[in-house]
1. Within the range 234-249, identify whether any single residue is over 20 Å from Glu275 (Cβ atoms), among the polar types (S, T, N, Q), out of contact with any Gly (no Cβ under 7 Å at 6 or more places or on another chain) and modelled with pLDDT of 90 or more, and answer yes or no.
2. Going by the structure shown, is Leu214 under 16 Å from the mean Cα position of the chain (by Cα) and assigned to a loop (DSSP other than H, G, I, E, B)?
3. Any residue at all in the range 78-91 that's buried (at least 18 other Cβ atoms within 10 Å of the Cβ), modelled with pLDDT under 95 and in contact with a helix residue (DSSP H, G or I) (Cβ under 6 Å, 6 or more places away or on another chain)?
4. Of all residues in the range 178-217, how many are under 14 Å from Leu309 (Cα atoms) and crowded, with 16+ Cβ neighbours inside 10 Å?
5. Could you check the range 238-273 and list, in sequence order, the residues that are of a type in the set (Lys, Arg) and closer than 9 Å to Gly120 by Cβ?
6. Determine whether the range 191-210 contains at least one residue that is within 25 Å of Phe274 (Cβ to Cβ), outside any helix (DSSP H, G or I) and modelled with pLDDT under 95.
7. For the range 268-311, give me each residue that is buried (at least 19 other Cβ atoms within 10 Å of the Cβ) and either in a strand (DSSP E or B) or among the basic types (Lys, Arg) (or both).
8. Return yes or no: is Leu307 farther than 24 Å from Asp210 by Cβ, modelled with pLDDT under 95 and more than 17 Å from the chain's Cα centre (by Cα)?
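The values are calculated or read from the model by the stated rules, or taken from the named source; none is laboratory data. Treat the numbers as computed from the prediction; the structure is a model and nothing was measured. Because the Cβ atoms are built from the backbone with ideal geometry, glycine has one as well, and the counts that use them run over all protein chains shown.
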Amino acid sequence: MPRPRVQAAACRIWISRTGFPERYFPFRIRETGALRGARSAFWEPSLFTGGHEAGEHIRLGPDMSRGRTARVLTRRVDADGNRRVPDELIVEEPMSIRLDGELVATTMRTPGDDFELAVGFCITEGVLADTPVRSVRYCGQGLASEAEYNDVTVDTGGRAPVPTPRLGPASSSCGICGTVAIDELRERLRPLDVEPFDVEVLAAMTDHIDGQALFSTTGAVHAAVAFDRTGQPLLLREDIGRHNAVDKVVGRLHMDGLLPAGDLGLWVSGRASFEMAQKAWAAGFASLVAVSGPSALAVETARTANLQLAGFARGDRLNLYTGD
């Protein structure tokens, strides 16, 4: 049987190990810390041109050579006076997400972990319809460099349903808020068959979160963290959009074969919106924990999903809305 080949033009690509016979995928795994004291498996990155044989080191790692912050001069006014100082700002750029070459959506995001974002978005928005992902690549309709690495295609070999594209870009603060009703979620998602987390573990989660490098530098991003039943953080992603950070976590877990995440919880900075509950349900998380409060629709969604939902998780306190 001949080895499959992937044609690409100056783009990076990730190929699922389940898309072809296992023997064609002798990947090396590099263990790297997503947080202090935590480990998560990532594949080593490679940049290539022309034909490339599946199974070589072509899976994109967690970081890119793209800038995620930009330095500007600002005028600072404080008790020490009025002066010009450098400041680090978070980068925000549009990224087109395609499924088998068809445009699904354009979202405003912080560059980095783009493959995870694209896969996670397709999973949480239900456009994959349980179809396996064979590969993910930059380029879309042309050279990756021409698209400035802002165009990502998720490939299922044409097996996924043709997506209906969203009209207009999704803002980094909103994602697809309000476009999916609970009744529509019921049609594609089953209630979760999971055990809730211990309340003491959830209450202590915020104090366990460490490693928000972009937030420490810019103060302008959200974080999402997957954690286990002991409260150990396993994977952290940051993005200017809260929904993007969650999709990056979900995409990474899927690419590592860890979905559905029935033994994991999801911690998010900020509020627990309907969209956060929807994405946690789609990924199969047992619990959703937010630093701020939930919306009424998020609570209703969590009840429908049998998803444990906690809000105002700060210090040693929280409010438990479902799953008690």
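1. Of the residues in the range 234-249, the ones over 20 Å from Glu275 (Cβ atoms) are 234.
Applying the additional criterion that residues be among the polar types (S, T, N, Q) yields none.
Checking the range 234-249: not a single residue is over 20 Å from Glu275 (Cβ atoms), among the polar types (S, T, N, Q), out of contact with any Gly (no Cβ under 7 Å at 6 or more places or on another chain) and modelled with pLDDT of 90 or more.
2. On the way: under 16 Å from the mean Cα position of the chain (by Cα): yes; assigned to a loop (DSSP other than H, G, I, E, B): no.
So Leu214 does not fit the description; no.
3. yes
4. Of the residues in that region, 8 qualify.
5. Filtering the range 238-273 down to residues of a type in the set (Lys, Arg) leaves 242, 248, 252, 271.
The answer is Lys248, Arg252.
6. Within the range 191-210, the first condition is being within 25 Å of Phe274 (Cβ to Cβ), and the residues that meet it are 191-197, 199, 201-203, 205-206, 209.
Subsequent filtering for residues that are outside any helix (DSSP H, G or I) retains 191-197, 209.
Right, trim to modelled with pLDDT under 95 and you get 209.
Scanning the range 191-210 turns up at least one residue that is within 25 Å of Phe274 (Cβ to Cβ), outside any helix (DSSP H, G or I) and modelled with pLDDT under 95.
7. Val268, Ala272, Lys279, Ser287, Leu288, Val289, Ala290, Pro294, Gln308, Leu309, Ala310, Gly311
8. On the way: farther than 24 Å from Asp210 by Cβ: yes; modelled with pLDDT under 95: no; more than 17 Å from the chain's Cα centre (by Cα): yes.
Spelling it out, it is not the case that Leu307 is farther than 24 Å from Asp210 by Cβ, modelled with pLDDT under 95 and more than 17 Å from the chain's Cα centre (by Cα).
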